Amino acid sequence: MEIKQATFVISNTDVKKCPTHSLPEYAFIGRSNVGKSSLINMLTNHKGLAKTSSKPGKTQLINHFLINKNWYLVDLPGYGYAQVSKQSKKTFQKFITDYFKKRKELVCAFVLVDIRLEPQKIDLEFMQWLGENLIPFSIIFTKADKLTEKSITDNIDRYKKKLLENWEGIPPFFITSSENKTGRTELLTYIEEINSSLKEKNIF
Ligand code: GTP
Ligand code: MG
């Protein structure tokens, strides 16, 4: 799929204020600093579209980006950032969980995982929660440019093994780097396929 147009639409903390015209959307979630906003910029070929930072906690709101006037990419705040107060953690949890539970347009959550790290409890628990709430998700491994091919393979194998302790199968997964655009074509093709199948079924 070619991205011809990518525009910022709205930021907010209230699922009720998200865009109302019904189009399929894909949300990026994961630990702070994992590379959610960078990935959106990489996919859209638009450097400053989503705000990024080397400091965790940059994205604080639900951000909608309209792509080709046809579907949305949604940038979300990260979880697991120790520096935020208990109160803002609670507020965060409420609006993010509300978003996932109530947003009917959400067709797939992409859970981003840093490919360098061993499986993190917080990510596994979040995937568990998505499963319990019947929210379809795929995994995106980020920052692949930081590892050798061999370590990538080893770490993916380790991750799969960990997932199989709790799941019967492995969800679709992608290996990406926002630095060198690894995985861009695969991800866009995946989204395009879902969009087409939804259209065929007259959903949206
Ligand atoms: P929050 O909004 O704070 O939750 O973070 P985020 O997940 O949106 O991360 P963001 O995209 O802001 O990136 C965090 C840091 O990681 C930045 O310094 C990015 O340059 C860096 N980064 C993101 N993706 C990659 C990647 O694929 N490779 C490398 N080497 N660095 C990356
Ligand atoms: Mg961000």
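The values are calculated or read from the model by the stated rules, or taken from the named source; none is laboratory data. The structure displayed is predicted, hence computed values, not measured ones. Neighbour counts are summed over all protein chains in view; Cβ atoms, including those assigned to glycine, are modelled from backbone coordinates with ideal geometry. With ligands, DNA and RNA removed, areas are computed over all heavy atoms of the protein, side chains included. Shrake-Rupley method; radii C 1.70, N 1.55, O 1.52, S 1.80 Å.
Can you pull out the residues in segment 40-75 that are within 8 Å of ligand 2 (Cβ to nearest atom) and either part of a strand (DSSP E or B) or surrounded by fewer than 23 Cβ atoms within 10 Å (Cβ to Cβ) (or both)?
K51, T52, S53, K58, T59, D75
Taking the criterion of being touching a Gly at 6+ places or on another chain (Cβ under 6 Å), small (G, A, S) and closer than 23 Å to W129 by Cα, would at least one residue in segment 37-56 satisfy it? Even if it seems obvious, please write down each step before you answer.
Going residue by residue through segment 37-56, those that are touching a Gly at 6+ places or on another chain (Cβ under 6 Å) are none.
No, there is no match, as no residue in segment 37-56 is touching a Gly at 6+ places or on another chain (Cβ under 6 Å), small (G, A, S) and closer than 23 Å to W129 by Cα.
How many residues are part of a loop (DSSP other than H, G, I, E, B) and at pLDDT 95 or above when one looks only at segment 20-39?
5
Pairs needed: first member in segment 16-40, within 14 Å of T52 (Cα to Cα) and among the charged types (D, E, K, R); second member anywhere, outside any strand (DSSP E or B) and near ligand 1 (Cβ under 6 Å from one of its atoms); C-beta distance under 6 Å; at least 6 residues apart or different chains.
Going by the 6 Å Cβ cut-off, the qualifying pairs are R31/G78.
Answer yes or no: is there a residue in segment 92-100 that is within 12 Å of ligand 2 (Cβ to nearest atom), open to solvent by less than 60 Å² (accessible area, probe 1.4 Å) and either touching a helix residue (DSSP H, G or I) at 6+ places or on another chain (Cβ under 8 Å) or touching a residue at least 12 places away in the same chain (Cβ under 8 Å) (or both). Lay out the reasoning, then the answer.
Initial filter on segment 92-100 (within 12 Å of ligand 2 (Cβ to nearest atom)): none.
No, segment 92-100 contains no residue that is within 12 Å of ligand 2 (Cβ to nearest atom), open to solvent by less than 60 Å² (accessible area, probe 1.4 Å) and either touching a helix residue (DSSP H, G or I) at 6+ places or on another chain (Cβ under 8 Å) or touching a residue at least 12 places away in the same chain (Cβ under 8 Å) (or both).
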